[in-house]
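One structure below.
The values are calculated or read from the model by the stated rules, or taken from the named source; none is laboratory data. Please read these numbers as outputs of a predicted model, since none were measured by experiment. FYI the Cβ positions are ideal-geometry reconstructions off the backbone, even for glycines, and counts take in every protein chain you see.
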Amino acid sequence: MPERKRTRLAAERVADLIQTLAGRGYTVIGPTVRDGAVVYEEIADAQDLPRGWTDRQEPGRYRLEPRADGAWFGYNLGPQSWKRHLFPPQTKLFTAERADGLFRILGPEAERRPRAFIGVRACELAAIAAQDQVLLEGPFRDGLYAARREGVFIVAVSCTLAAPTCFCASLGTGPQAPGELCDIVLTEVVNGADHWFLAEAEGARGAEVLDRLAAEPCTEDDSRRAGAAVYAAAQSQTRRVDCDGLREALEDNFEHDRWDAVARRCLACGNCTMVCPTCFCTTMEDFSDVEGSRAERWRRWDSCFTATFSYIHGGSVRTSVKARYRQWLMHKLATWIDQFGTPGCVGCGRCITWCPVGIDLTEEARAICRDGNDGNTVA
Amino acid sequence: MSSERKKKPSVAVVKFASCDGCQLSLLDAEDELLAVAGAIDIAYFPEASRAMRGGPYDIALVEGSITTHEDAERIHNLRRQSRTLVTIGACATSGGIQALRNWKDVDEFVRVVYATPQFVSTLKLSTPVAEHVPVDFELRGCPIDKHQLVELIAATLAGRKPNIPTYSVCIECKRNANVCVAVARGTPCLGPVTQAGCGALCPAFDRGCYGCYGPMESPNTGSLAAQLRVMGQSDAEISRAFRGFNAWAWQFRKASEEHERT
């Protein structure tokens, strides 16, 4: 097993990190500010990073705010996850063309550009692992996902702050980024003029890049301070999901009044599933042109909150919003465990922030489990 | 499908009370227009051609709401003449912006606006086509989206179901990587209760959704209205938000009335 290389990197070296990766032919995708939020898009250099920005989040509300300390990664999660880049919202699966009395199938064209992701948080690594499990490790391996996923150079960043919507600590998915799945883990320490990164290389590829960055050896004290900053982020989390007995409690409360209560608030708009970094459901749409000479099949992100999602011969299986919300929450916290051995929630809190009416999954789960009833009581 | 096509379906594009913008969407579909014109037999389309043939038609595309006694009869005749009747746009599917008169006294408008009101004969309400005759498919929007129209025509020709979603604008908006204007800016937005189809046009330009495509499949207007209030909207503003191009769609109508000052 390769030695884990642990170094101290001057704050300004982030620019060199991006240049080094770009110089090696990687398309660098990282956080940048657009339209009032931090989003993950292609970045040219460190100027594109959201330096000097942070955010304030609460259920149904997100606002960017300036921060004075010049932190490169001093923000919490934005609306997009890396899912957008690994499992895009719309993919053309193939084209069929009529030619010489026959037809031929063209495509799909797999994405093969080498890409580097900068600023992947611990919960997002857990989400990537969850999607890997679904899309690569099951009986049906998704070739398009595999092509996009393969060889991605990942620079993870452990969180040293937490939004009020974060709850990774309770699920054990963060805020410390684990070494698995990534090449470099950064922890940013900023305290006035004292601003640097603990940079840990995971494996040869990461070590080789770190070597180029004039990283200094890191002291015990550096490690301790970085660790303390991440620990403080965990301690500051105010939301949590208690996993002990959660699956059983949810299964036992299939007809809890709370499902009706949340359905009265739920818009069934699908935002939670779109921003969720583990949600993987898609729909297929077949198109034919007016002349009948060309057809296309597209795969698009779908949502269990739509009526058509559960449409089978004769109608939708889940006609009520109550049934759809229950399906989603139970999949995340209970039936995902049956399928894959872990919860399908990584505690990123995006579904809380980006719900237009601020429905809080942690609060719903707690209410359903704490005040368990048999569904026959009248609220 | 054999390469020998069957007889081209005859199509009528018929206007009722409307601004013609939806019919224009067909002419606006420049890339597909020749293909469409080649695949169908345009039997009646006064806006675009001299074709003014009588029915029967295989497909009638109906624009506009029903606002006069004559139109209330004309739509029945058209229905009898049409194998498939498709309404295009907010007027034909929900009564349109002119349905705002449904909350007022139309005779008073007529007296105020026209010099010789005795020549004007109109119904008290502007109503959607489906309130008068059975409709086979409703294409939403103010105006409709030309890609959806071409998709509907292509699907009808191929005998397949059109890919016209009934879910919220939010799903399109998120797929397109727009940042939510409601959550990130506090901009009032009807996206969560409005049907997709426009490509989330307004949020892409930092505006809230105006609800041009009408209510989505399960619009929770009550919950959204409560949130609009949290965002600082008054009752009058909430009522006005729902009273737009699809004001007479019953879900929006109900929401607007609940917040109307009495």
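Give B:Arg53, B:Arg111 a once-over and let me know the one that is surrounded by fewer than 17 Cβ atoms within 10 Å (Cβ to Cβ), touching a Phe, Trp or Tyr at 6+ places or on another chain (Cβ under 8 Å) and not aromatic (Phe, Trp, Tyr).
Matching residue, one of B:Arg53, B:Arg111: B:Arg53.
Write out, first by first residue and then by second, each pair whose Cβ atoms fall under 6 Å of each other, whose residues are 6+ apart or on separate chains, and whose first residue, in the stretch A:308-332, is farther than 15 Å from B:Lys161 by Cβ while the second is buried (at least 21 other Cβ atoms within 10 Å of the Cβ) and among the basic types (Lys, Arg).
Final answer for the pair search is A:Arg318/A:Arg324.
Which condition number does A:Arg264 fail, the rest of (1) closer than 30 Å to B:Thr166 by Cβ; (2) surrounded by 14 or more Cβ atoms within 10 Å (Cβ to Cβ); (3) of a type outside the set (Phe, Trp, Tyr) being met?
(2)
Name the residue that is nearest to the other protein chains (Cβ to nearest Cβ), counting only residues in the stretch B:147-160 that are free of Cβ contacts under 8 Å to residues at least 60 places away in the same chain and either over 11 Å from B:Gly197 (Cα atoms) or surrounded by fewer than 19 Cβ atoms within 10 Å (Cβ to Cβ) (or both).
Once the filter is applied, the top-ranked residue is B:Ala154.
Is it the case that some residue within the stretch B:190-198 is surrounded by fewer than 22 Cβ atoms within 10 Å (Cβ to Cβ), outside any loop (DSSP other than H, G, I, E, B) and in contact with a Ser or Thr (Cβ under 6 Å, 6 or more places away or on another chain)?
The answer is no; no qualifying residue exists.
Considering only the stretch A:164-188, state which residues are in contact with a strand residue (DSSP E or B) (Cβ under 7 Å, 6 or more places away or on another chain) and outside any loop (DSSP other than H, G, I, E, B).
Correct list: A:Ile184, A:Val185, A:Leu186, A:Thr187, A:Glu188.
Select from the stretch B:12-45 the residues that are part of a loop (DSSP other than H, G, I, E, B) and closer than 20 Å to B:Arg83 by Cα and list them in ascending order.
Passing the criteria: B:Phe16, B:Ile40, B:Phe45.
Could you list, in sequence order, the residues of the stretch A:61-80 that are more than 11 Å from chain B (Cβ to nearest Cβ) and either within 25 Å of the chain's Cα centre (by Cα) or touching a residue at least 60 places away in the same chain (Cβ under 8 Å) (or both)?
A:Glu65, A:Pro66, A:Arg67, A:Asp69, A:Gly70, A:Ala71, A:Trp72, A:Phe73, A:Gly74, A:Tyr75, A:Asn76, A:Leu77
Can you find, within the stretch A:84-126, the residue that is modelled with the highest pLDDT among those that are closer than 21 Å to A:Ser293 by Cβ and among the small types (Gly, Ala, Ser)?
Out of the qualifying residues, it is A:Ala96.
Any chance you could count how many residues in the stretch A:118-148 are among the aromatic types (Phe, Trp, Tyr) and part of a helix (DSSP H, G or I)?
Within the stretch A:118-148, residues that are among the aromatic types (Phe, Trp, Tyr) and part of a helix (DSSP H, G or I) number 1.
If I filter the stretch B:210-223 down to residues being part of a loop (DSSP other than H, G, I, E, B) and within 11 Å of chain A (Cβ to nearest Cβ), which single residue comes out as surrounded by the most Cβ atoms within 10 Å (Cβ to Cβ)?
Once the filter is applied, the top-ranked residue is B:Met216.
In the stretch B:46-60, what residues are assigned to a loop (DSSP other than H, G, I, E, B) and not aliphatic (A, V, I, L, M)?
Passing the criteria: B:Pro46, B:Glu47, B:Ser49, B:Arg50, B:Arg53, B:Gly54, B:Gly55, B:Pro56.
Looking at the stretch B:224-236 only, could you name the residues that are of a type in the set (S, T, N, Q) and either more than 12 Å from chain A (Cβ to nearest Cβ) or part of a strand (DSSP E or B) (or both)?
B:Gln233, B:Ser234
Which count do you get for residues in the stretch B:179-205 that are over 22 Å from B:Ala249 (Cβ atoms) and more than 7 Å from chain A (Cβ to nearest Cβ)?
Qualifying residue count for the region: 5.
Taking only the stretch A:93-145 into account, find how many residues are touching a residue at least 60 places away in the same chain (Cβ under 8 Å) and of a type in the set (D, E, K, R).
The total comes to 6.
Name the residue that is nearest to the chain's Cα centre (by Cα), counting only residues in the stretch B:161-177 that are facing another protein chain (nearest Cβ under 7 Å) and not in a helix (DSSP H, G or I).
Once the filter is applied, the top-ranked residue is B:Thr166.
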